[in-house]
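Working notes, structure below.
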Amino acid sequence: LTSMDFYNRANEREAYSTDKRFRAFALREKGGRNLIQLFYDDYTFNSVHQLTQFGAGTAWAPAWSPNGDSIAFVSSESHNDEIWLLQKGQWPATQLTHNKWEWDHHPSWSPDGKQIIFSSNRGTGKNQLWVMDADGNNQHQLTSFAFEAWDPVWVKYTDR
């Protein structure tokens with residue numbers, strides 16, 4: 001419990017597809033806009049592909065769904081850090097959370113792919129854990145700690 005090793009391994013695994021064929025990551029795009037976008041490695045064909053194509057905001061913290069080609073991630077495209085969802089190879093992405101000034105970070109899928117947990121500073125301005133359905137519905141707070149809670153990872157895999 002005093003080591004971060006298990007958390008770090010589980011957190012790293014978030015960016016990989018279930019079969020580990022794909023790995024999503026944030027990278028500054030080349031060319032005109034020079035924004036941080038999401039890309040993915042395809043290890044079968046040894047190729048890299050761009051996932052997001054935002055015009056003003058950046059994208060980061062990708063989490064691959066355990067039951068398909070969906071990727072939850074954070075973007076500031078709407079001028080606030082929100083959780084977004086996209087399907088590999090399809091654009092545009094769908095914004096799942098909508099806040100006035102608060103931000104939502106670090107999405108992680110449930111093992112069955114039906115929910116997404118994330119951290120948010122909604123309400124009190126203090127980081128707490130929230131959960132929502134995979135389509136963005138039924139958003140509700142899980143924790144109300146006196147201390148801050150952030151960067152949740154829903155453990156789904158036992159591989160290394």
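Observations, loosely collected:
- Working note: Debye formula, equal point scatterers on the alpha-carbon atoms of segment 57-134, no solvent; log10 I(q)/I(0) at q = 0.21, 0.22, 0.23 Å⁻¹ is -0.89, -0.97, -1.05.
- Residue-wise HN-Hα coupling along segment 46-57, computed from phi with Karplus coefficients 6.51, -1.76, 1.60 (Hz; x: Gly, Pro): 6, 9, 10, 10, 7, 9, 9, 9, 5, x, 10, x
- In Å, descending, principal axis extents of the Cα set of the chain: 47, 37, 28
- When the surface is traced with a 1.4 Å probe over the full set of protein chains, Tyr157 keeps roughly 50 Å² accessible.
- Ligands, DNA and RNA are left out, and with a 1.4 angstrom probe the accessible area of the chain is 55 Å² per residue.
- Nearby lysines by direct alpha-carbon distance to Lys88 (threshold 28 angstrom, same-chain neighbours under 8 apart not counted): Lys20, Lys30, Lys114, Lys156
- Area of Thr18 that stays accessible when all protein chains are in place (1.4 Å probe, Å², to 10): 60
- Using only the C-alpha atoms, the convex hull of segment 37-76 corresponds to 69 Å³ per residue.
The values are calculated or read from the model by the stated rules, or taken from the named source; none is laboratory data. Please read all numbers here as calculations on a predicted model, not as lab measurements. All accessible areas refer to the heavy atoms of the entire protein, side chains included, with ligands and DNA or RNA removed. Shrake-Rupley method; radii C 1.70, N 1.55, O 1.52, S 1.80 Å.
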